[in-house]
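Engineer: Handing you this structure, nothing more for now.
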Amino acid sequence: EAQVTQNPRYLITVTGKKLTVTCSQNMNHEYMSWYRQDPGLGLRQIYYSMNVEVTDKGDVPEGYKVSRKEKRNFPLILESPSPNQTSLYFCASSLRGSNQPQHFGDGTRLSIL
Amino acid sequence: DAKTTQPPSMDCAEGRAANLPCNHSTISGNEYVYWYRQIHSQGPQYIIHGLKNNETNEMASLIITEDRKSSTLILPHATLRDTAVYYCIVRGDNTDKLIFGTGTRLQVFP
């Protein structure tokens, strides 16, 4: 089954403790992206990647890192999480091109205390 | 990318057609209209997209006006499970990015 898989689905942690949210897709998609969703602010793009070893900042990249060493994986790294990164996170992937729909994962709810 | 305007909320009786409008008056000729929905806090789900012609798939129909300044998403027989926030997004041909607005909260009632 074609899917985008995020792990963990839920995480409660403390300020400053490094964490990684994994994202994997099995559709051989070139494009992958991370979004965060906050009440009243909608979905905002954090980082994106157009292919292996190619990543770029989205609209709200501060406090996050990403890597794209393999086509299928696009982990989101919070080196020193802070409470303002408490949010609902989504990973998405697609083939390149504006005629290609993006497919989203089920989300990761992070709480930083 | 062109901006979109959607009503904040709509109601629909179960079994009836749900018609969700979207205005995108500044759309340019090479920009696609996409529709996604988000059920509660699940990941956004792709529904349908189109450029100029009307489109239909197993989930919905997309009607785009001839001048392309507005479109309507039609769920032909709404069910309670269609209760969700529906996002209309205009996407340019030089970007893979999706810009989500506030969407329309559709409530389907029995």
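Engineer: Equivalent ellipsoid semi-axes for chain B, as square roots of 5 times the alpha carbon gyration tensor eigenvalues: give them largest first, rounded to whole Å.
Structural biologist: Working: eigenvalues 103, 42, 28 Å².
Over the Cα atoms of chain B, the semi-axes work out to 23, 15, 12 Å.
Engineer: Considering the protein assembly as shown, which cysteines have no disulfide-compatible partner, defined as another cysteine with its Cβ under 4.7 Å away?
Structural biologist: By the Cβ distance rule, which asks for a partner under 4.7 Å, the isolated cysteines are B:Cys12.
Engineer: Less than 16 Å apart at the alpha-carbon level, and either on another chain or at least 8 residues along: which aspartates and glutamates does that give for B:Lys52?
Structural biologist: Counting by Cα, and skipping residues close in sequence, B:Lys52 has these aspartates and glutamates nearby: B:Glu31, B:Glu66, B:Asp67, B:Asp93.
Engineer: I'd like the accessible area for A:Leu95, computed on protein heavy atoms only with a 1.4 Å probe and all protein chains in place. Round to 10 Å², please.
Structural biologist: Here the residue's solvent-accessible area equals roughly 70 Å².
Engineer: Between beta-carbons, use under 9 Å as the cut-off and find the net charge around A:Tyr31, counting Lys and Arg +1, Asp and Glu -1. The partial results should precede the final answer.
Structural biologist: Details: positive: A:Arg96; negative: A:Glu30, B:Asp96.
With Lys, Arg at +1 and Asp, Glu at -1, the neighbours total -1.
Engineer: Calculate what fraction, in whole %, of the accessible area of chain A sits on carbon and sulfur atoms when a 1.4 Å probe is rolled over the protein chains.
Structural biologist: Numbers: 2650 of 5430 Å².
That fraction is 49 percent.
Engineer: Additional query: What residues of segment B:43-67 lose no less than 10 Å² of accessible area with every protein chain in place versus their chain by itself (probe 1.4 Å, heavy atoms only)?
Structural biologist: SASA drop of 10 Å² or more in segment B:43-67: B:Gly43, B:Pro44, B:Tyr46, B:His49.
Engineer: As a test of the definition: with a 1.4 Å probe, what buried accessible area, both sides summed, do you compute for B against A, in Å² to the nearest 100? Could you put the intermediate results ahead of the total?
Structural biologist: Working: alone 6410 and 6220 Å², together 11030 Å².
Chains B and A together bury roughly 1600 Å² of accessible area.
Engineer: Solvent-accessible area per residue for chain B at a 1.4 Å probe radius, Å²? Walk me through the intermediate numbers first.
Structural biologist: On the way: 5600 Å² over 110 residues.
On a per-residue basis, chain B sits at 51 Å².
Engineer: Same structure again: Please give the per residue volume of the convex hull enclosing the alpha carbon atoms of segment B:50-108, rounded to a whole number of Å³.
Structural biologist: On the way: hull volume 6.2 nm³, N = 59.
Roughly 105 Å³ of hull volume per residue.
Engineer: Can you work out the Karplus-derived ³J(HN,Hα) for every residue in segment A:56-61? Use 6.51 cos²θ - 1.76 cosθ + 1.60 with θ = phi - 60°, whole Hz, and x for glycine or proline.
Structural biologist: 7, 6, x, 8, 9, x
Engineer: Sticking with this one: How high is the relative contact order of segment A:10-77, given as a whole-number percent (alpha carbon pairs under 8 Å, six or more residues apart)? Let's see the in-between values first.
Structural biologist: Numbers: 117 pairs, mean separation 22.7, N = 68.
Once normalised by length, the contact order is 33 percent.
Engineer: Jot down the radius of gyration and Dmax of the protein assembly as shown, Cα atoms only, both in angstrom.
Structural biologist: Rg then Dmax for the protein assembly as shown, in Å: 17.7, 54.
The values are calculated or read from the model by the stated rules, or taken from the named source; none is laboratory data. Remember, predicted model here, so these are calculated numbers, not experimental data. In this analysis, Cβ positions are derived from the backbone assuming ideal geometry, glycine residues included, and neighbour counts consider all displayed protein chains. Just so you know, the surface numbers come from the protein's heavy atoms only, side chains and all, with ligands and any DNA or RNA stripped out. Shrake-Rupley method; radii C 1.70, N 1.55, O 1.52, S 1.80 Å.
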